[in-house]
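Asker: Take this structure first; my questions come after.
FYI, it's all coordinate maths here, none of it is from the lab. The structure presented is a predicted model; accordingly, all values stated were derived computationally and were not measured. For neighbour counting, all protein chains shown are included, and Cβ atoms are generated from backbone atoms with ideal geometry for every residue, glycine included.
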Amino acid sequence: MWYKKSFRRNLIDMHIADSDDRFMSEFDPQVYADRMEMSKVDTAIVYASSCLGNCYWPTQTGHMHRGLKGRDILGETIKCLRNKNINTVVYFNIWSRWACLNHPEWQMRDGEGRGTLEYLWSPGRYGVCCPNSPYGGFVLKQIRELCLQYEFEGLWIDMIGWVPGICFCRHCRDRYMKDAGRDIPETVNWTDPQWVAFQRWRESCMAEFAGQITGTAKALKPGVSVAHQSAIWASGWHNGFSQAFLRQSDYLAGDFYCTWLTEHSFNCEALDRLTPDRPMEFMTSVHTGLDDHTTLKTTDLLAAQICTAIAHNAAFVFIDAIDPVGTIRADVYDRMGAMYDILKRYEPYLDSDALPLRDIAIYFNFESLIDMRQNGVPAAKVAASNPLMGVIANILRTLMDAHLPCTLITDKNLHELKQYQVVILPDIIVMDKREVDAFDDYVGNGGSLYVSKRTSLLNRDGSQNADFQLADVLGVSYRGETREAATYMSPTREGNGLFPACSSKYPLFISDPQVKISCSADASVLATLVLPYSDSGDPNNTAAAISNPPGIPTDLPALVMRNHGRGRVIYSAGHIEKMEHEEHRLVLTALLRRLLTRPLVATTDAPKAVELTVYEQPRNRRRIVNLLNFQKDLPNIPVEGIQVRLWLNGKKVRSVMTLPEQEPVSHTIDADHLLFAAPKLTTFIMFAVDFW
């Protein structure tokens, strides 16, 4: 497929209204293609429609942009791009203000019966239709038109998952009554199978709609690729996201507007493991934000973002925005040409099928991206809430700061568990038998787990278990939760070395309730639960006006370690991994290091702002080692003297060199490890380690 070899891509936002005859009147397809050539892209993602519902081709089913006066600028642009041998991907937006205005009965509706034109973001500016209404069929007709009329390599579907929460329109109500035989539940309750069944139905509707689009396109164009916008992968239950939805894409793509290393890496690692095929597509704006039409990012920031994509073996897309009259700013493409010169230098050494080498995996499933505190909230008033993803992001930052090679995985990756030394299960409250069996086998065969809080208490249908489904693996049993929201962990003699700054008098603070557990006789208790002098929820009984100091030691285990089969498990009754302070990060990394059973894939003494990634290219008998310097304040301060240590696992080194310069790097071999010093690192260095 075309996308396996494409790493330099572009998208020009064309969300232009047609309320003024001047709008889009000056659009020139040849200039568009010339700008792509100037910026040295290999793939252009070209608008067929916008979120306003205005189409850029003479559609027979929808509304053509009035400013074009019947011109088929989509067809003209595709022709100009193909003349330059630039891959063409057609962009289609699911949102449609035009459809909402002309067919108000198609709109998604909130619990008060309001359509999206009335309540979404800036009321009146945006509109979203429900795919369970006739709008779903309308979209498929437009997809058929595009596939029958034009030649293109791919189809890119935007905003499909950006739904504004639960839809209460009559089409959803009627379909749910038909499918489930009952009304939409009135109250959120993640331990009520009827509520959970409704959520599973929402997820199936979204996946079904995406599948209909993909199926329609591939039936008419068997070789075409389809990508559905996946930037909402971390948004939680509110958007109805699921693995079934992800399977409707050939590769995953998402636009992200963060400006710091951890969040970029967070998204790249996740989409790389979630994607059906590689490379995933990392997109970001060339402007400082989508709401700013004139201010460009600095070249230092753009270079760092492009190098982040390279370091994670991803394709990069820069997003520009067209002027309302249809003109395209030339200096953007001149600047991006210089930026893509950076990428082109490394492109010969990128391999979309390269294997990421990581030691630690953070596990989650979409069913656990819920908030148990919302139980009892009226469904018509519930807001988006997904605390788990913030915890996962914090874990990733902790591990990146410590240079512990890590990634994110889901139930899609259960067959890959043996690749990782340690898997982290951070309060993954929902699990099924397939997951439980996979983790049991993983630990039994020598893997290590770090597990916290309520992991595996709920089934995927919402039914609650009396004990953890993983109880036999963990060696602990569930006995409830503390009433107190401020709790502590006091290190035992066995756990003293893991808590360097803590003691029985000054235990480790946890800003959450802890789970009460009992543990098996073969488990080692590393810390016990300490409660505050008083319940933090009782304002009339406090020990201190502001804080909740520790005052009531208990014998309840708070941190437990045991062997299971050939592997090891640490269970934490509290969210150590949620805490953002350096002391908690040190405790978490000490716990994870205790679970390691072999050398790390790679280590470095680089500062926290430097990320180390390693990829295996079996066909080339090569490992690619990347060092990325992405500081919060740019331009980067160069870093010198970075030492890298790579575990060889019995491989014999033939050469080490920098890429693309192919300059030899002085190195030594020490006890099955390769050691070398990096040259001065400004933003990015790629190394090739070749083996005999």
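Asker: How far apart, in nm, are the 7 Å Cα→Cβ label points at residue 298 and residue 345?
Answerer: The answer from the label model is 2.0 nm.
Asker: Calculate, in nm to one decimal, what residue 375 and residue 2 gain on full extension: separation in residues at 0.36 nm each, minus their alpha carbon distance. Please list the in-between numbers first.
Answerer: On the way: separation 373, 0.36 × 373 = 134.28 nm, distance 4.65 nm.
Additional length available on full extension: 129.6 nm.
Asker: How far apart, in nanometres, would the label points at residue 493 and residue 178 be if each is projected 7 angstrom from Cα along the Cα-to-Cβ direction?
Answerer: 7.0 nm
Asker: Among 682, 482, which comes first, then next, by fewest other beta-carbon atoms within 10 Å?
Answerer: 682, 482
Asker: Which order do the peptides 95-106, 49-60 come out in when sorted by mean C-beta neighbours inside 10 angstrom, highest first? Before the final figure, lay out each step's value.
Answerer: Values: 95-106: 20.0, 49-60: 22.5.
Top of the packing list down: 49-60, 95-106.
Asker: Sticking with this one: How far is helix 330-346 tilted, in degrees, relative to the longest principal axis of the Cα atoms in the chain, given as a value from 0 to 90 rounded to the nearest 10?
Answerer: The two axes meet at around 50 degrees.
Asker: Further question: For residue 355 and residue 467 in one chain, what is 0.36 nm times their gap in residues minus the Cα-Cα distance, to one decimal in nm? Before the final figure, lay out the partial values.
Answerer: Numbers: separation 112, 0.36 × 112 = 40.32 nm, distance 3.74 nm.
My answer for the length gained is 36.6 nm.
Asker: Let me ask you something else. With each run of n ≥ 4 DSSP H residues scored as -39500 (n - 2.57), what mean residue ellipticity at 222 nm is computed for the chain after dividing by its residue count and rounding to the nearest 500 deg cm²/dmol?
Answerer: Numbers: 15 runs with 179 residues, N = 692.
The helix contribution divided over the chain gives -8000 deg cm²/dmol.
Asker: So which trypsin sites (Lys or Arg not before Pro) in region 113-154 end up in coil per DSSP with only 14 or fewer other C-beta atoms within 10 Å?
Answerer: 125
Asker: Follow-up question, since we're still on this one. Give, as a single signed number, the net charge of other residues whose beta carbon lies under 14 Å from the beta carbon of residue 633, with Lys and Arg counted +1 and Asp and Glu -1.
Answerer: Local charge sum for residue 633: +1.
Asker: Can you bin the chain into rounded, prolate or oblate? Criterion: square roots of the alpha carbon gyration tensor eigenvalues sorted a ≥ b ≥ c, rounded for a/c under 1.5, prolate for a/b above b/c, oblate for the rest. Display every interim value, and only then the final one.
Answerer: Numbers: a/c = 2.02, a/b = 1.26, b/c = 1.60.
Oblate is the answer for the chain, as a/c is 1.5 or above yet b/c matches or exceeds a/b.
Asker: Using Cβ contacts closer than 10 Å as the measure, can you line up 166, 546 from fewest to most?
Answerer: Ranked by crowding around the Cβ, least crowded first: 546, 166.
Asker: What FRET efficiency comes out for residue 141 versus residue 383 if R0 is 35 angstrom and r is the Cβ-Cβ distance? Round to the nearest 0.05. If you can, show how the numbers build up before the last one.
Answerer: Working: r = 35 Å, r/R0 = 0.99.
FRET efficiency, residue 141 to residue 383: 0.50.
Asker: So, one more: For a 21 Å ceiling on Cα separation, which of these pairs sit above it: 297/632; 381/453; 4/40; 433/578; 5/680?
Answerer: 381/453; 433/578; 5/680
Asker: Which order do 518, 666, 249, 352 fall in if you start with the one that has the fewest other Cβ atoms within 10 Å?
Answerer: 666, 518, 352, 249
Asker: Enter the angle in degrees (range 0 to 90, nearest 10) between the Cα long axis of helix 170-180 and the first principal axis of the Cα atoms of the chain, meaning the one along which they spread out most.
Answerer: 50 degrees
Asker: What share of the DSSP beta bridges in region 31-127 is antiparallel, in percent to the nearest 5?
Answerer: Around 20 percent of the beta bridges assigned by DSSP in region 31-127 are antiparallel ones.
Asker: May I pose another question? Can you give the extra length, in nm with one decimal, that the chain gains between residue 655 and residue 483 once fully stretched, where that is 0.36 nm per residue apart less the Cα-Cα distance? Display every interim value, and only then the final one.
Answerer: On the way: separation 172, 0.36 × 172 = 61.92 nm, distance 5.95 nm.
Stretched out fully, the residue 655 to residue 483 stretch lengthens by 56.0 nm.
Asker: Quick check: convex hull over the Cα atoms of region 602-691, volume per residue in Å³, rounded to an integer? Working shown, then result.
Answerer: On the way: hull volume 8.2 nm³, N = 90.
Hull volume over Cα atoms, normalised by residue count, gives 91 Å³.
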